[in-house]
Amino acid sequence: MQSPFCFIVKPYNDRRYDNIKYYGDKRFFTSTSEEDFTVSTRLAVVINIPLNYNGPIKINDTLVVHHNVFKFYNDMYGRQKSGRSWLMDDLFLVDDNQFYMYKQNNKWYSHNNFCFIEPIPKGESFIDGVGVTEEPLWGKIKYGNKSLETLGLKEGDKVSFQPDSEYEFNIEGEKLYRMYTNNITLTDGYQSN
């Protein structure tokens, strides 16, 4: 089965929600709400690629997808429904704008004009927020893209970004912000080693 325009995917680890954490041999649910987007699974395994697709993504690659792909919602009568991405059973359709990054041969690659920024620890400042542990509006490029490379920016470079452009993801235990190339506003010239 192939779609003309969409990738056919299934949830990573066959779970639509990533709401279980283990502490020792004890299992804890971090959320019991099916409408809680913060615990919906963000990783998908590619089952099939679109017809006539020529890009780099292959079957069995992992995609980082939008939080609504696998999430349940309740209709106006309170009945549980799957979102528009649901195809059948545990299969879902994901179009080109519903995923941000893909993993191939144990390496992550940004998709289209998306990039992922790693927050940096807060430095000394005249303005000191209580409980602030990260430098506001600054980070390092963790996963760049061709647009950033064209601008002379590469992974590891320190950059500033627009306020409220940080869309938080947990990628393999690391907190990263997903944003667009045009959310990057400047660099301080820091070059990583």
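Would you please name the residue that is most open to solvent (accessible area, probe 1.4 Å), looking only at residues in region 1-19 that are charged (D, E, K, R) and in contact with a strand residue (DSSP E or B) (Cβ under 8 Å, 6 or more places away or on another chain)?
In this case the residue turns out to be Asp18.
Let's see how each residue does on (1) part of a strand (DSSP E or B); (2) without any contact (Cβ under 8 Å) to a residue 12 or more places away in the chain:
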| position | (1), (2) |
| --- | --- |
| Arg27 | yes, yes |
| Pro50 | no, no |
| Phe70 | no, no |
| Tyr73 | yes, no |
| Met76 | no, yes |
| Leu87 | yes, no |
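Please work out which residue is least open to solvent (accessible area, probe 1.4 Å), limiting yourself to region 24-45 and to residues that are over 19 Å from Lys81 (Cα atoms) and either among the small types (Gly, Ala, Ser) or within 15 Å of the chain's Cα centre (by Cα) (or both).
Of all residues in region 24-45, those over 19 Å from Lys81 (Cα atoms) come to 24-30, 43-45.
Next, only the ones that are either among the small types (Gly, Ala, Ser) or within 15 Å of the chain's Cα centre (by Cα) (or both) stay: 24, 43-45.
Numbers: Gly24: 77, Leu43: 47, Ala44: 0, Val45: 25 Å².
Applying the filter and picking the extreme gives Ala44.
Does Tyr109 count as open to solvent by less than 50 Å² (accessible area, probe 1.4 Å), farther than 15 Å from Glu168 by Cα and either modelled with pLDDT under 95 or assigned to a strand (DSSP E or B) (or both)? Even if it seems obvious, please write down each step before you answer.
Numbers: open to solvent by less than 50 Å² (accessible area, probe 1.4 Å): no; farther than 15 Å from Glu168 by Cα: yes; either modelled with pLDDT under 95 or assigned to a strand (DSSP E or B) (or both): yes.
No.
Conditions tested, residue by residue: (1) loosely packed, with under 13 Cβ neighbours inside 10 Å; (2) assigned to a loop (DSSP other than H, G, I, E, B); (3) modelled with pLDDT of 90 or more; (4) aromatic (Phe, Trp, Tyr).
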{"position": "Phe126", "(1), (2), (3), (4)": "yes, yes, no, yes"}
{"position": "Trp138", "(1), (2), (3), (4)": "no, no, yes, yes"}
{"position": "Gly156", "(1), (2), (3), (4)": "no, yes, yes, no"}
{"position": "Ser160", "(1), (2), (3), (4)": "no, no, yes, no"}
{"position": "Arg178", "(1), (2), (3), (4)": "no, no, yes, no"}
{"position": "Asn182", "(1), (2), (3), (4)": "yes, no, yes, no"}
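Scan region 163-176 for residues that are open to solvent by less than 100 Å² (accessible area, probe 1.4 Å) and within 18 Å of the chain's Cα centre (by Cα) and jot them down. Give the steps one after another, and end with the answer.
Taking region 163-176 and keeping what is open to solvent by less than 100 Å² (accessible area, probe 1.4 Å), we get 163, 165-167, 169, 171, 173-176.
Residues satisfying the conditions are Ser165, Glu166, Tyr167, Phe169, Ile171, Gly173, Glu174, Lys175, Leu176.
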Might you check whether a residue that is of a type in the set (Gly, Ala, Ser), closer than 30 Å to Ser147 by Cα and assigned to a loop (DSSP other than H, G, I, E, B) occurs anywhere in region 52-63?
yes
Within region 73-91, identify whether any single residue is open to solvent by 20 Å² or more (accessible area, probe 1.4 Å), within 24 Å of Ser33 (Cβ to Cβ) and touching a Gly at 6+ places or on another chain (Cβ under 8 Å), and answer yes or no.
yes
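The values are calculated or read from the model by the stated rules, or taken from the named source; none is laboratory data. Treat the numbers as computed from the prediction; the structure is a model and nothing was measured. Counting neighbours? That spans all protein chains shown, and the Cβs are built from the backbone with ideal geometry, glycine included. Protein only, heavy atoms only, side chains kept; ligands, DNA and RNA dropped before computing areas. Shrake-Rupley method; radii C 1.70, N 1.55, O 1.52, S 1.80 Å.
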